[in-house]
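Below: one structure, written as structure tokens.
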Amino acid sequence: MEFSVKSGSPEKQRSACIVVGVFEPRRLSPIAEQLDKISDGYISALLRRGELEGKPGQTLLLHHVPNVLSERILLIGCGKERELDERQYKQVIQKTINTLNDTGSMEAVCFLTELHVKGRNNYWKVRQAVETAKETLYSFDQLKTNKSEPRRPLRKMVFNVPTRRELTSGERAIQHGLAIAAGIKAAKDLGNMPPNICNAAYLASQARQLADSYSKNVITRVIGEQQMKELGMHSYLAVGQGSQNESLMSVIEYKGNASEDARPIVLVGKGLTFDSGGISIKPSEGMDEMKYDMCGAAAVYGVMRMVAELQLPINVIGVLAGCENMPGGRAYRPGDVLTTMSGQTVEVLNTDAEGRLVLCDVLTYVERFEPEAVIDVATLTGACVIALGHHITGLMANHNPLAHELIAASEQSGDRAWRLPLGDEYQEQLESNLPIWRTLAVVLVGRLPQVASCHALPVSTTGRTWISPVPPGVLVKRKAQPVVR
């Protein structure tokens, strides 16, 4: 799908469709008023007859409007003008894209950038429209035998900006929106891949392809089991022992700042390409969704692709911690005692608590990069759903300023996060009868085990700025959901 920007009046547009907004109660937006005047009151007459109230999500497609050069006009309900916020703006864009795609409009000129969203400029509105459009049209059909496609799908969208002076910022907004959308798509594609295809080797191949595509700024190194053993990453290795697929850690380095003083931001993604639970095997119901246990790594991969595409002037290192947790003759067991890369010993109480074993070694490994901050993204426990449901990501941090920045970014993107406690009180729940820490912290129904179990992870960061989003609840929804959460 192509995107572009232009600046012009609606009466001069020759397009398959023009998109304008209508507010409650039946009040035309400024551009819609211009079209109504050109058409001698044709649009307002329809509204007076009750064809459209202007409620959010309502649409009315008009054909051959008098004195209008474009074939059709799409009126889209925007709700009450004073209540239009970022979330509602994105929902309006989503409804617009779906309607155009379903009604055979192959191209359209969108005037919705005229809508006032408090605190947001035209750059933001164009960029968000591009991101939302790409996400709305996303489908994972690479593996389908017969791919279904709309008869005449939407192929081109033109965004109108008020003045020619804003064309440059509009073009930049499209460029940024496409890069972000491509990163999101890459992450979704990885997450949706079946586990018989997407194993640790597949993650490594994707990481290498990224380096090939952006060779000017990106290099990728893949660390196999033998090298992990030499490094002392025994808890990471233990998780993958039961699988026939080799555990592989892919390290993607992006260098956008050549200064010697520029310390990197390190992103660590949990990449359990399938998590059966191991010897402590999971219930059969819903086990197919355990392919999503690598979505932390998928998210990191998507971010690295976006950073490389935008050529950001920063240094970022992304680590995809790939492995598979399976039962088998070589699988690790409840009761095992493992030695981590940092030299600490861990008592395994449940082999399904594998994520923290992988991450603690990776967090120790990335210390060699002397990072400015470490952010790990991991589906550590489905218990996060007990606290936050399927709409918000749990977040833990040992650094308040970075936590505040990430929460603010989550609000801006519409992918919200909520900070969970990380107090010293939880340390007691990690203690074992042996002089070591345990993989399980809380097992009582209704509690939040991730709080205590995540407390083990900062132990591996030795004073570094660390933050950990825990997103399992937002990854899988069985029912169709709006793009905007």
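The values are calculated or read from the model by the stated rules, or taken from the named source; none is laboratory data. These figures come from a predicted structure and were not determined experimentally. So basically every Cβ, Gly included, is an ideal-geometry build from the backbone, and we count neighbours across all protein chains shown.
Could you tell me which of the residues ALA383, ALA387, ALA403 is touching a helix residue (DSSP H, G or I) at 6+ places or on another chain (Cβ under 9 Å), in the same structural domain as PRO469 (by TED's automatic domain parsing), surrounded by 18 or more Cβ atoms within 10 Å (Cβ to Cβ) and in contact (Cβ under 8 Å) with a residue 24 or more places away in the chain?
ALA383 is the lone residue from the list that is touching a helix residue (DSSP H, G or I) at 6+ places or on another chain (Cβ under 9 Å), in the same structural domain as PRO469 (by TED's automatic domain parsing), surrounded by 18 or more Cβ atoms within 10 Å (Cβ to Cβ) and in contact (Cβ under 8 Å) with a residue 24 or more places away in the chain.
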Residue identified as in a helix (DSSP H, G or I) and either over 21 Å from THR379 (Cα atoms) or modelled with pLDDT of 95 or more (or both) among MET341, MET306:
MET306
Would you check if there is a residue in the range 41-54 being touching a residue at least 12 places away in the same chain (Cβ under 8 Å), among the hydrophobic types (A, V, I, L, M, F, W, C), outside any strand (DSSP E or B) and under 27 Å from ALA173 (Cβ atoms)?
no
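With LYS95, LYS118 as the choices, which residue is charged (D, E, K, R), at pLDDT 95 or above and either under 14 Å from VAL22 (Cβ atoms) or assigned to a loop (DSSP other than H, G, I, E, B) (or both)?
Working: LYS118 fails: at pLDDT 95 or above.
Just a single option satisfies the conditions, and that option is LYS95.
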Being on the phi > 0 side of the Ramachandran plot and not acidic (Asp, Glu): is that true of GLY414 here?
yes
Test: residue in the range 83-98 that is under 27 Å from GLU2 (Cβ atoms), touching a helix residue (DSSP H, G or I) at 6+ places or on another chain (Cβ under 7 Å) and surrounded by fewer than 19 Cβ atoms within 10 Å (Cβ to Cβ):
yes
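For every residue, the table says whether it meets (1) touching a Ser or Thr at 6+ places or on another chain (Cβ under 9 Å); (2) assigned to a helix (DSSP H, G or I); (3) under 26 Å from GLY414 (Cα atoms).
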{"position": "VAL158", "(1), (2), (3)": "yes, no, yes"}
{"position": "SER169", "(1), (2), (3)": "no, yes, yes"}
{"position": "ALA187", "(1), (2), (3)": "no, yes, yes"}
{"position": "GLY191", "(1), (2), (3)": "no, yes, yes"}
{"position": "PRO195", "(1), (2), (3)": "yes, no, no"}
{"position": "TYR202", "(1), (2), (3)": "yes, yes, no"}
{"position": "ALA207", "(1), (2), (3)": "yes, yes, no"}
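Here's the yes/no breakdown for (1) farther than 30 Å from GLN206 by Cα; (2) of a type in the set (S, T, N, Q); (3) touching a residue at least 24 places away in the same chain (Cβ under 8 Å):
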site: THR99; (1), (2), (3): yes, yes, yes
site: SER105; (1), (2), (3): yes, yes, yes
site: LEU112; (1), (2), (3): yes, no, yes
site: LEU137; (1), (2), (3): no, no, yes
site: VAL158; (1), (2), (3): yes, no, yes
site: SER169; (1), (2), (3): yes, yes, yes
site: GLY177; (1), (2), (3): no, no, yes
site: ALA182; (1), (2), (3): no, no, yes
Filter the range 37-82 down to residues that are over 17 Å from GLU11 (Cβ atoms) and of a type in the set (D, E, K, R), then give me how many there are.
8
Among the residues that make up the range 302-323, is at least one of them among the small types (Gly, Ala, Ser), within 28 Å of TRP418 (Cβ to Cβ) and out of contact with any helix residue (DSSP H, G or I) (no Cβ under 6 Å at 6 or more places or on another chain)?
no
Is there a residue in the range 37-54 that is in the same structural domain as THR103 (by TED's automatic domain parsing), closer than 27 Å to THR136 by Cβ and of a type in the set (Ser, Thr, Tyr)?
no
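Return the residues of the range 313-330 that are outside any strand (DSSP E or B) and touching a strand residue (DSSP E or B) at 6+ places or on another chain (Cβ under 8 Å); say none if nothing qualifies. I'd like the intermediate steps shown before the answer.
Taking the range 313-330 as the starting set, the residues that turn out to be outside any strand (DSSP E or B) are 313-314, 326-330.
Of everything in the range 313-330, those that are outside any strand (DSSP E or B) and touching a strand residue (DSSP E or B) at 6+ places or on another chain (Cβ under 8 Å) turn out to be ILE314, MET326.
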Restricting the search to the range 200-240, which residues are under 20 Å from SER342 (Cα atoms), surrounded by fewer than 19 Cβ atoms within 10 Å (Cβ to Cβ) and among the polar types (S, T, N, Q)?
GLN226, GLN227
When ARG333 is run through (1) in a loop (DSSP other than H, G, I, E, B); (2) within 17 Å of SER247 (Cα to Cα); (3) not aromatic (Phe, Trp, Tyr), the failure sits at (2)
Being in contact with a Phe, Trp or Tyr (Cβ under 7 Å, 6 or more places away or on another chain) and among the aliphatic types (A, V, I, L, M) narrows VAL65, VAL22, VAL92 down to just VAL65
Going through SER284, SER280, SER250, SER276 one at a time, which residue ends up being within 29 Å of GLY382 (Cα to Cα), of a type in the set (Ser, Thr, Tyr) and at pLDDT below 95?
SER284
